[in-house]
Amino acid sequence: MRVTGLDIEFVRRQFPAFAEPSLAGQAHFENAGGSYACGPVIERLARYYRETKLQPYGVHPASRRAGEEMDQAHARLADYLGMSAEEVHLGPSTSQNTYVLAQAVAKKLQPGDEIIVTNQDHEANSGVWRRLAEHGFTVREWRINPQTGTLDPNDLDGLLTERTRVVAFPHCSNILGEINPVAAICAKIHRVPAIAVVDGVSYAGHGLPDVRALGVDIYLFSLYKTFGPHLGALAIDRKVMEWLGNQGHYFNGAFPHKWFVPAGPDHAQVAATNGIFDYFDALHRHHFQAGDTATKAADVRTLLRTAELAPLQKLLDFCREHPRLRIVGPDQASQRAATVALETLAATPREIAAKLAERGIIAGASHFYAVRLLEALKLDPATGVLRLSFVHYTSPAEIDQLLTALEQIV
């Protein structure tokens, strides 16, 4: 390793937003809703529109280059996820990808087959499965602890049966931030056996996981929350892909990475996805010695996660000790991602967010599509929570700016 810890100045130079005059002094704490795009993504997107904005995979050199960059994006994303390129699909959004997936599964199930969902999820990884009850399938709910919001893996044991076919759950909640023990949960699911569908949207921005090592069958997340373009990534184990079959045009059967994107890909954004890995590769070169693909992915994953722990604990300690704030979820950084939802006792979350905005803090106030979770926690979804979320590029000065603003307001 050449650099001790994350070089925050190097990191921030890779993101044009930090040099944007209109954003000067503005601290971004709504990364769970969408991160800043790194420079290589923006450059690749602009270059695609300038140089290769035509139908890809044709005979003209510009057309060939467009297709090659799209293929390269699938391969590089797959490398960071521990998957093969044909197992990675890039669709318009995670919500759309999950809908296509659920419709594909519905064709393979029999009446009476069972699907397990949670009330901890974002609705995108819950509602599409719940609607399959209309087809005669049984939907069971794996419920949180109503005091803590935690999903207890032991509770899953009482729900799994020989008729269970799918279990959908989050890697971590976009409200609680608590990281679920994915590998252990998947091991339970596979003993049935059933398919494990994991929503990684709220986790992936803190370090892309090794999907294969986790034992996940289907993993979904959003590239616009991992410093990239507005696309949804869907990683599916090849055996599950073959069971579900091609959901796109029949003549694309020979191209597995097109099977679950029936509307067709956004060529420019797929090609621009390479920029995420240009950035990750540069991050690795700056901080580490050379290594193979798996080592590089693991190093970057660890670097991003480690960089967030100390500032996350600092924020949690402040909120835990403040009499007018209540943390929703665990108060230990080791148990969660850097997404902190708060009950605000002095004013509504939206009022607090508006006052934070006046002090240069970008924060969110909403139910964040986790209505079922808030209802289970006896929180009013119409009021929602104040959400403060950050990633590795957030500076210590911005953390201090946030804490100062909270102290002044609350």
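General observations
- Top of ALA333, ALA363, ALA282 by mean-square fluctuation, Gaussian network on the chain, Cα under 10 Å: ALA282
- The range 279-336-the range 168-241 distance, computed between alpha-carbon centres (Å): 18
- Note on the range 43-277: the C-alpha convex hull projects to 12.5 nm² when averaged across all orientations.
- Close amide-amide hydrogen proximity is noted between ARG336 and ILE179, each under 5 Å apart and 5 or more residues distant or on a separate chain (H modeled in the peptide plane; Pro and chain starts excluded).
- Neighbour cut-off at most 13 other Cβ (10 Å), DSSP loop, chymotrypsin sites (Phe, Trp or Tyr not before Pro), the range 49-100: TYR57
- On a per residue basis, the range 263-410 carries 40 Å² of accessible surface, using protein heavy atoms and a 1.4 Å probe.
- Trypsin sites (Lys or Arg not before Pro) restricted to the range 179-218 and DSSP loop, no more than 15 other C-beta within 10 Å: ARG191
- Choice from GLY232, GLY33, GLY253 showing the highest fluctuation, given a GNM over the chain with Cα pairs closer than 10 Å: GLY253
- Rg to Rh, two decimals, where the chain supplies the alpha carbon set and Rh follows Kirkwood: 0.97
- Computed over the chain with a Gaussian network model linking Cα atoms closer than 10 Å, the most mobile of HIS287, HIS89, HIS60 is HIS60.
- Counted over the chain, the DSSP beta bridges are approximately 55% antiparallel.
- Of the three principal axes defined by the Cα atoms of the range 198-251, the extents in descending order read 35, 26, 12 Å.
- Computed helical MRE - 222 nm, the chain, DSSP H runs ≥ 4 contributing -39500 (n - 2.57), nearest 500: -12000 deg cm²/dmol
- Computed with the Debye formula from one identical point scatterer per Cα of the range 129-190, without solvent, the log10 of I(q)/I(0) at q = 0.16, 0.23, 0.25, 0.29 Å⁻¹ comes to -0.57, -1.09, -1.21, -1.37.
- The apolar share of the surface of the chain, taken as the fraction of accessible area on carbon and sulfur atoms (1.4 Å probe, ligands and nucleic acids excluded), comes to 52 percent.
- Trypsin sites (Lys or Arg not before Pro) lying in DSSP loop within the range 84-184, provided at most 14 other Cβ fall within 10 Å: LYS107, LYS108
- When both bridge partners sit in the range 43-277, DSSP labels roughly 40% of those beta bridges antiparallel.
- Amide hydrogen neighbours beyond the local backbone of HIS122, cut-off 5 Å, H modeled: ASN174
- In percent, rounded to a whole number, the relative contact order of the range 43-277 is 27, using alpha-carbon pairs under 8 Å and six or more apart.
- Each part gets one Cα centre, and for the range 17-43 versus the range 91-146 those centres are 34 Å apart.
The values are calculated or read from the model by the stated rules, or taken from the named source; none is laboratory data. Bear in mind the structure is a predicted one, so any value in this text is a computation, not a measurement. Cβ: placed from backbone, ideal geometry, glycine included. Neighbour counts: every protein chain shown. Each accessible area value is taken on the protein alone, full model and side chains, heavy atoms only, with ligands, DNA and RNA left out. Shrake-Rupley method; radii C 1.70, N 1.55, O 1.52, S 1.80 Å.
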